[in-house]
Amino acid sequence: MLAERISEFLRQNRIKVTRFFVAVFFLIFLFSQHKIEEKGFLDYFMELTSIVLIFLGTYGRLWCTLFISGYKTNKLITVGPYSICRNPLYFFSFIGTLGIALQTEMITFVVIAIFGFAFLYSIIIKGEEKKLLEIHGKEFEEYCKRVPRFFPKFSLYTEPETYQFNTLRYRRAFMEGMWFVIIYPVFEIIEQLHNYGILPAFFKIW
């Protein structure tokens, strides 16, 4: 019963919980620096990889939102990104989150982002899929047998020639999804403030 209550709480407060952890993550980054050598191979590798992942995460979220806007659990969406993965919105959110963690150039943050996301969203996904099963029954069971839960299988991809979506909800989701892009220059500015000694860094993190 306790596990079900936690699952329901996380499912209903997914955005609030995520924002709380992002705020904690941001505050730690604001007053810390990474230990990785500046202008070294690892420095460039993590920064370049972060740009690619942030782009993919942002694009993927907007792509998923286009198909899910206005439907949510009322209709089982099985086309577009939902034909290759049952939870593509969360998959691309994970990609974007990993990109942001890599941008800090702190391996500790990367590890926490991976395991934290896996723990939190595995609970959320199971709760949401339980609700979808109650609503859609056999149709959802067949969908689960055919399509993987999290990691996409691109060979399954299908899409319709035309598709109707809710423009108002898509616009709202578009603005929400842009935080991956917005936070990138913010983190870059903070890093430079640390480098020039304008913003104090009280400790260093690997």
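The values are calculated or read from the model by the stated rules, or taken from the named source; none is laboratory data. Predicted, not measured: the structure shown is a model, and the values here were computed from it. For neighbour counting, all protein chains shown are included, and Cβ atoms are generated from backbone atoms with ideal geometry for every residue, glycine included.
Data overview
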read-out	value
One residue from Y82, Y121 being touching a residue at least 24 places away in the same chain (Cβ under 8 Å), crowded, with 19+ Cβ neighbours inside 10 Å and within 17 Å of Y59 (Cβ to Cβ)	Y82
Residue within region 160-175 that is free of Cβ contacts under 8 Å to residues at least 12 places away in the same chain, under 20 Å from Q12 (Cα atoms), surrounded by fewer than 16 Cβ atoms within 10 Å (Cβ to Cβ) and not hydroxyl-bearing (S, T, Y) present	yes
Some residue of region 43-61 being at pLDDT below 90, in a loop (DSSP other than H, G, I, E, B) and not polar (S, T, N, Q)	no
Complete set of residues in region 53-67 that are surrounded by fewer than 22 Cβ atoms within 10 Å (Cβ to Cβ) and of a type in the set (A, V, I, L, M)	L56, L62, L66
Cβ pairs under 8 Å, 6+ apart, first in region 1-28 and at pLDDT 75 or above, second not hydrophobic (A, V, I, L, M, F, W, C)	F21/G116
Lone qualifier among E105, E141 - being surrounded by fewer than 21 Cβ atoms within 10 Å (Cβ to Cβ) and either in contact (Cβ under 8 Å) with a residue 40 or more places away in the chain or among the charged types (D, E, K, R) (or both)	E141
Residues being among the small types (G, A, S) and either over 29 Å from L48 (Cα atoms) or outside any helix (DSSP H, G or I) (or both) - total across region 172-205	2
From W206, W179, residue being under 30 Å from H34 (Cβ atoms) and loosely packed, with under 14 Cβ neighbours inside 10 Å	W206
Selection count where residues are more than 18 Å from G99 (Cα to Cα), surrounded by 13 or more Cβ atoms within 10 Å (Cβ to Cβ) and modelled with pLDDT of 75 or more, scope region 182-203	3
